Amino acid sequence: MPERNNWQLGRDMTYPYDAPLPQKQVAYVFDINKCIDCQTCSVACKNAWTSGKGEEYVFWNNVETKPYGGYPIGWDLKLMEKAELAKWKGGKLESKTIFEDRSPLESPLGHMPNTMDYSAPNLGEDELSQAVGQGEHFNGLHPMWMFYLARICNHCTLPACVAACPRQAVYKRDEDGIVLIDQERCRGYQECVKACPYKKAFYNLISRTSEKCIGCYPRVEQGEVALCVEACIGKIRLHGFLSTQEEPRADNPLDYLVKIKKVALPLYPQFGTSPNVYYIPPVHVPNAFLEQMFGPSVLQAKAMYQSLKDDKQMLGAMMLFGANIRIVDKFKVEGDEVIGWDAKGTEVARVPFTEPTYVREHYDAKHKVYRHNTT
Amino acid sequence: MKMNQCKPCQASLAFLLTFSAGAAVADITVTKVEGALPTDPMAAEWQQTPAEKVIVMPQTMTKPSLTTPSVNEVMAQALTDGKSIVWRVSWQDAEADLNVDVGRFPDAVAIEFPLAENALPMMGGVTRESSGKVQIIYWKGLWQKDIDEGFQGVRDVHPNAFSSKYWFAEGETPHTVPESFKNPLSHQWFIAKQAGNPGAVFTRSQPAQELVAKGWGTITPQPESATTAKGVWKDGKWTVVFSRPLTTDDPNDYQFKAGEKGQIAFAVWQGKNGNRGALKHWSNWTAYQMP
């Protein structure tokens, strides 16, 4: 079987599908610290792509509350129960990925969700890790915690869905690394549903095919960010491309945050699919939980994020989140502004580090009204 | 994975070829009838037609392999009137599985004929390059249900499901397929249908599909089909008939000849056990004698 380097694991690994790396890799940074679980992303996605009959329970984008939430229910716990406990040593994964220790007659390690696992998209929403004791809310910071995890398809570099499909109906695009299910070719075997560790392939019982997040490829082809990224009112998301064929570019905001500053981390890297949604870990959550979820670099990522106010370059990259619907290919901090350009070199974002302040007169002479803070 | 690099597959294939060379294969006698051919699986004529037992084995040559077989034989019969041929296949199945949902699969059966001399019974061979082409005629319990009881809707598997809005759907909730979705704009969300996927058909005329294959993972539905089929589950047993003309002008159809000794293979999927795709039971080539 082919050996592939997985930089997220610090080592080579076996991957049962022989395909070259794409020219570039679609990738996202999600700042968990800023997500408020408004679900605008989920609605934007669902309205556009999955409002059909048979897609009632399909959420290519969902936001769940950790530690107890998950859609479908227990998607990650069920795989972790089956898999070897993740073991890291010096940034290198020592345990087996879902592709390793498998016979040539076996698909990647996975589990088929129960139909009822899709019945409660918001189970566990807003629930804390433990109950707040009486009077405890007077005592400063709480030890209990929760956070919101916004999830889409990871458009993995080594996708389990691609490896699992027995008829090559799932493919990874060479031009941008987006993973798609060929809706003409799919025969509804659901092997991708079973194999995807993130459970982002869904079965449509009307179309009788499996469907997955299409990475808003018609928009990406026009240089525009995905709908979930555009719709995000908290501006927690950055959408762009990671370099795959050359060294990371310091002026590419994705390369810069993910590969150079390492402030954003992949979700469950130990599964071995090299996922491409990178999360800035929530700073208030215990490290042990985060390390299980984001790997061994959590401490450094947290420290990096907490140093943001002193790092103008990184802060500049962060200010591009939600700044424009165009995908930012290149950025530069100039004076008190960060400037972003698209792949054609057109300026698409210019964001000041400090928003200017305007003081308006109490009386609006034009409209002949007094301004109140209620108008 | 490139199959030609898969040593276990080659080993299994070598084993199979050895097995097939030495196997005592059944002979199915295709019986000539005068008058109309029975296209009902329960027609009285089948009681007088010789039936041959055919062994089916779990698919264990490629992934995903079937580790838990649930059927080990099918009964095969065939009749011809000199113009058409009807194949009847039956197998034991305690329960009829007709519906689909996540993790839920229907029963199915297929018959296969070689379109090339080097075609192996297991979908013609391993790789596209090394295989001979085969024709496969596939019947699925879900499609039989679509025809007998109407297209499987969401409420057939989730009786309490409710959604107030489907874009451009007409009429009252619960909207049903295909009745509420006459406006072509509403089909924008039926992507597989829009892409021309022959599995995503809302008004189906037959519960069977003609396909060709040339190696594993290459199965391809045919745009034209000369086959009619019908399956009936009764008393713990599925009985399915496939009828088609002996000859057609389609190069992807097997052409039956009078007096020939031909080869047929069978595959069975038990939905209850999660069988679908490669998770199936399949047979060796089985000889049949045309009248």
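Working only within the range B:121-169, note down all residues that are within 14 Å of chain A (Cβ to nearest Cβ), open to solvent by 70 Å² or more (accessible area, probe 1.4 Å) and small (Gly, Ala, Ser).
B:164
Is there a residue in the range A:65-81 that is assigned to a strand (DSSP E or B), over 30 Å from residue B:62 (Cβ atoms), more than 13 Å from chain B (Cβ to nearest Cβ) and modelled with pLDDT of 95 or more?
Residues of the range A:65-81 assigned to a strand (DSSP E or B): A:65-66.
Narrowing the set further to residues that are over 30 Å from residue B:62 (Cβ atoms) leaves A:65-66.
If we keep only those that are more than 13 Å from chain B (Cβ to nearest Cβ) too, we end up with A:65-66.
After this cut, where a residue has to be modelled with pLDDT of 95 or more as well, the list is A:65-66.
Taking every residue of the range A:65-81 in turn, at least one turns out to be assigned to a strand (DSSP E or B), over 30 Å from residue B:62 (Cβ atoms), more than 13 Å from chain B (Cβ to nearest Cβ) and modelled with pLDDT of 95 or more.
Of the conditions (1) at the interface with chain A (Cβ under 7 Å from one of its Cβ atoms); (2) part of a helix (DSSP H, G or I); (3) open to solvent by less than 40 Å² (accessible area, probe 1.4 Å), residue B:193 fails just one. Which one is it?
Just one mismatch for residue B:193, condition (3).
Identify, please: which residue in the range A:87-115 is among the aliphatic types (A, V, I, L, M) and closer than 22 Å to residue A:153 by Cα and is, among those, farthest from the other protein chains (Cβ to nearest Cβ)?
Filtering the range A:87-115 for residues that are among the aliphatic types (A, V, I, L, M) and closer than 22 Å to residue A:153 by Cα, the one farthest from the other protein chains (Cβ to nearest Cβ) comes out as A:98.
If we keep just the residues of the range B:234-261 that are small (Gly, Ala, Ser) and in contact with a Pro (Cβ under 8 Å, 6 or more places away or on another chain), which is most open to solvent (accessible area, probe 1.4 Å)? Walk me through it before giving the result.
From the range B:234-261, those small (Gly, Ala, Ser) are B:236, B:243, B:258-259; that's our starting set.
The next check asks that each one be in contact with a Pro (Cβ under 8 Å, 6 or more places away or on another chain); those that pass are B:258-259.
Numbers: B:258: 94, B:259: 46 Å².
The residue in question is B:258.
When you check residue A:126 against the structure, is it closer than 28 Å to residue A:186 by Cβ and either within 14 Å of chain B (Cβ to nearest Cβ) or open to solvent by 50 Å² or more (accessible area, probe 1.4 Å) (or both), yes or no?
Answer is no for this residue.
Please specify each residue of the range B:202-224 satisfying the condition of being farther than 22 Å from residue A:165 by Cα and more than 9 Å from every other protein chain (Cβ to nearest Cβ).
Selection gives B:203, B:204, B:205, B:206, B:207, B:208, B:223, B:224.
Identify the single condition in (1) open to solvent by less than 40 Å² (accessible area, probe 1.4 Å); (2) touching a helix residue (DSSP H, G or I) at 6+ places or on another chain (Cβ under 7 Å) that residue B:95 does not satisfy, given that it satisfies every other one.
(1)
Being open to solvent by less than 70 Å² (accessible area, probe 1.4 Å) and either more than 9 Å from every other protein chain (Cβ to nearest Cβ) or modelled with pLDDT of 95 or more (or both) is the filter here, so list the residues in the range B:170-179 that pass it.
B:171, B:173, B:174, B:178 - these are the residues of the range B:170-179 that are open to solvent by less than 70 Å² (accessible area, probe 1.4 Å) and either more than 9 Å from every other protein chain (Cβ to nearest Cβ) or modelled with pLDDT of 95 or more (or both).
Out of (1) buried (at least 23 other Cβ atoms within 10 Å of the Cβ); (2) within 19 Å of residue B:39 (Cβ to Cβ); (3) of a type in the set (S, T, N, Q), the odd one out for residue B:205 is which?
For residue B:205, the exception is condition (1).
Given the conditions (1) under 20 Å from residue B:291 (Cα atoms); (2) part of a loop (DSSP other than H, G, I, E, B), and given that residue B:47 satisfies all but one, which numbered condition is not satisfied?
Among (1) under 20 Å from residue B:291 (Cα atoms); (2) part of a loop (DSSP other than H, G, I, E, B), residue B:47 violates only (2).
So which residues in the range A:202-229 are farther than 16 Å from residue A:160 by Cα, facing chain B (nearest Cβ under 8 Å) and either open to solvent by 20 Å² or more (accessible area, probe 1.4 Å) or of a type in the set (A, V, I, L, M, F, W, C) (or both)?
A:205, A:206
Being touching a residue at least 60 places away in the same chain (Cβ under 8 Å), open to solvent by 40 Å² or more (accessible area, probe 1.4 Å) and within 14 Å of chain B (Cβ to nearest Cβ) is the filter here, so list the residues in the range A:21-55 that pass it.
Of everything in the range A:21-55, those that are touching a residue at least 60 places away in the same chain (Cβ under 8 Å), open to solvent by 40 Å² or more (accessible area, probe 1.4 Å) and within 14 Å of chain B (Cβ to nearest Cβ) turn out to be A:43, A:49.
I'd like the full set of residues that are more than 10 Å from every other protein chain (Cβ to nearest Cβ), among the hydrophobic types (A, V, I, L, M, F, W, C) and in a strand (DSSP E or B), limited to the range A:171-196. Spell out the reasoning first.
Within the range A:171-196, the first condition is being more than 10 Å from every other protein chain (Cβ to nearest Cβ), and the residues that meet it are A:171-180, A:192, A:196.
So of that shortlist, the ones also among the hydrophobic types (A, V, I, L, M, F, W, C) come out as A:178-180, A:192, A:196.
Once the filter is applied, which keeps residues that are more than 10 Å from every other protein chain (Cβ to nearest Cβ), among the hydrophobic types (A, V, I, L, M, F, W, C) and in a strand (DSSP E or B), the range A:171-196 yields A:179, A:180.
Out of (1) within 18 Å of the chain's Cα centre (by Cα); (2) open to solvent by less than 10 Å² (accessible area, probe 1.4 Å); (3) farther than 22 Å from residue A:80 by Cα, the odd one out for residue A:199 is which?
The number of the failed condition is (3).
Checking residue B:231 against (1) surrounded by fewer than 20 Cβ atoms within 10 Å (Cβ to Cβ); (2) touching a helix residue (DSSP H, G or I) at 6+ places or on another chain (Cβ under 6 Å); (3) away from chain A (no Cβ under 14 Å), which single condition isn't satisfied?
(1)
Does residue B:217 satisfy the criteria of being modelled with pLDDT of 95 or more and small (Gly, Ala, Ser)?
Taking the combined requirement at face value, the residue does not satisfy it.
If you check residue A:343 against the conditions, is it part of a loop (DSSP other than H, G, I, E, B) and open to solvent by 60 Å² or more (accessible area, probe 1.4 Å)?
Yes: the conditions hold for residue A:343.
Of the residues A:259, A:235, which is within 24 Å of residue A:215 (Cβ to Cβ), out of contact with any Gly (no Cβ under 8 Å at 6 or more places or on another chain), basic (Lys, Arg) and in contact (Cβ under 8 Å) with a residue 12 or more places away in the chain? Write out each step before concluding.
On the way: A:235 fails: out of contact with any Gly (no Cβ under 8 Å at 6 or more places or on another chain).
Answer to the selection: A:259.
Mind listing just one residue for me: the one in the range A:106-135 that is hydroxyl-bearing (Ser, Thr, Tyr) and in a loop (DSSP other than H, G, I, E, B) and, of those, farthest from the chain's Cα centre (by Cα)? Can you show your working first?
At the first step, the residues of the range A:106-135 found to be hydroxyl-bearing (Ser, Thr, Tyr) are A:107, A:115, A:118-119, A:129.
Now narrow it down to the ones that are in a loop (DSSP other than H, G, I, E, B): A:107, A:119, A:129.
On the way: A:107: 25, A:119: 23, A:129: 22 Å.
My answer is A:107.
Applying the selection to the range A:137-170, what residues are away from chain B (no Cβ under 14 Å), open to solvent by less than 10 Å² (accessible area, probe 1.4 Å) and not in a loop (DSSP other than H, G, I, E, B)?
A:147, A:149, A:150, A:151
What pairs can you find where one residue is in the range A:240-254 and farther than 12 Å from residue A:24 by Cα, the other is assigned to a helix (DSSP H, G or I), and their Cβ atoms are less than 8 Å apart, with a gap of 6+ or different chains?
Sorted first by the residue in the range A:240-254, then by its partner, the pairs are A:249/A:255; A:249/A:256; A:250/A:256; A:250/A:260; A:253/A:317.
Name the residue, out of A:112, A:116, that is of a type in the set (A, V, I, L, M, F, W, C), free of Cβ contacts under 8 Å to residues at least 60 places away in the same chain and on the phi < 0 side of the Ramachandran plot.
A:116
Within the range B:76-84, is there a residue that is within 30 Å of residue A:110 (Cα to Cα) and either in the same structural domain as residue B:274 (by TED's automatic domain parsing) or of a type in the set (Gly, Ala, Ser) (or both)?
First, the residues of the range B:76-84 that are within 30 Å of residue A:110 (Cα to Cα): none.
Taking every residue of the range B:76-84 in turn, none turns out to be within 30 Å of residue A:110 (Cα to Cα) and either in the same structural domain as residue B:274 (by TED's automatic domain parsing) or of a type in the set (Gly, Ala, Ser) (or both).
The values are calculated or read from the model by the stated rules, or taken from the named source; none is laboratory data. Predicted, not measured: the structure shown is a model, and the values here were computed from it. Note that we place each Cβ from the backbone using ideal geometry, even for glycine, and neighbour counts take in every protein chain shown. For accessibility, only protein heavy atoms count, side chains too; no ligands or nucleic acids. Shrake-Rupley method; radii C 1.70, N 1.55, O 1.52, S 1.80 Å.
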